[in-house]
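This report refers to the structure that appears directly beneath it.
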Amino acid sequence: MEYYHAREFAGLSYEEVLALVPEALKKEGFGVLTEIDVARVMKEKLDKDLRPYKILGACNPNFAYQALSLENKIGTMLPCNVVVQELENGNTEVAVVDPMGSMQAVENEGLAEVAAEVQERLKRVLDHI
């Protein structure tokens, strides 16, 4: 099973795609809690160059609450990460975590329903961009 779903965008710059992601997440009830500029961190910490690459920590409070109510350690897998990166071919890719893949390690049947709904919403986020 894949641990992510992704979509590649041609004809839009990295910055343009990055600007579209929060609104696409909002349409599915998610907000962005964190933003990590991985390229900047690699340059600052290691003096290494990396293509534009950001990790957005997305959260849907309703589903996060449901998951936390079912499994008190599930916070180790929250928020849902969304990666926006510039590819070598000049296109931009958006990848979202597949919660069904990550939840397989958790032996809690109740989480499967929550993960399935989150999975569908995150897949739709890719369609909204």
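The values are calculated or read from the model by the stated rules, or taken from the named source; none is laboratory data. None of these values were measured; they are calculated from a predicted model. Cβ sites come from the backbone with ideal geometry, for glycine too, and all protein chains shown count toward neighbours.
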- [ ] Check the range 41-52 and report whether any residue there is closer than 25 Å to Met103 by Cβ and touching a Leu at 6+ places or on another chain (Cβ under 9 Å).
- [x] no
- [ ] For residues that are under 13 Å from the mean Cα position of the chain (by Cα) and part of a loop (DSSP other than H, G, I, E, B), tally how many sit in the range 1-30.
- [x] 3
Task: Residue count, the range 23-37 (criterion: surrounded by 16 or more Cβ atoms within 10 Å (Cβ to Cβ) and touching a strand residue (DSSP E or B) at 6+ places or on another chain (Cβ under 6 Å)) - done: 2
TODO: Say whether the condition of being in contact with a helix residue (DSSP H, G or I) (Cβ under 6 Å, 6 or more places away or on another chain), within 29 Å of Glu113 (Cβ to Cβ), of a type in the set (A, V, I, L, M, F, W, C) and touching a residue at least 24 places away in the same chain (Cβ under 8 Å) is met by at least one residue in the range 11-26.
DONE: yes
Task: Hits in the range 43-75 (condition: among the aromatic types (Phe, Trp, Tyr) and surrounded by 17 or more Cβ atoms within 10 Å (Cβ to Cβ)) - done: Tyr53, Phe63
Task: Identity of the residue in the range 76-119, in a helix (DSSP H, G or I) and out of contact with any helix residue (DSSP H, G or I) (no Cβ under 8 Å at 6 or more places or on another chain), that ends up surrounded by the most Cβ atoms within 10 Å (Cβ to Cβ) - done: Gly101
Task: the range 31-75 - residue that is assigned to a strand (DSSP E or B) and under 23 Å from Gln104 (Cα atoms) and, of those, farthest from the chain's Cα centre (by Cα) - done: Cys59
- [ ] Only one of these is in contact with a Ser or Thr (Cβ under 9 Å, 6 or more places away or on another chain) and not aromatic (Phe, Trp, Tyr): Ala10, Ala19, Ala24. Name it.
- [x] Ala10
TODO: List every residue pair whose Cβ atoms lie under 9 Å apart, where the two residues are 6 or more positions apart in sequence or sit on different chains, the first residue falls within the range 78-93 and is over 13 Å from Glu15 (Cβ atoms) and in contact (Cβ under 8 Å) with a residue 60 or more places away in the chain, and the second residue, located anywhere, is in a loop (DSSP other than H, G, I, E, B) and among the aromatic types (Phe, Trp, Tyr).
DONE: Val82/Phe30
Open item on the list: Quick check on the range 79-113: of everything there that is at pLDDT 95 or above and among the β-branched types (Val, Ile, Thr), which residue is farthest from the chain's Cα centre (by Cα)?
Closed with: Thr92
Task: Residue, modelled with the lowest pLDDT, within the range 9-18, restricted to residues that are farther than 10 Å from Val84 by Cα and loosely packed, with under 14 Cβ neighbours inside 10 Å - done: Gly11
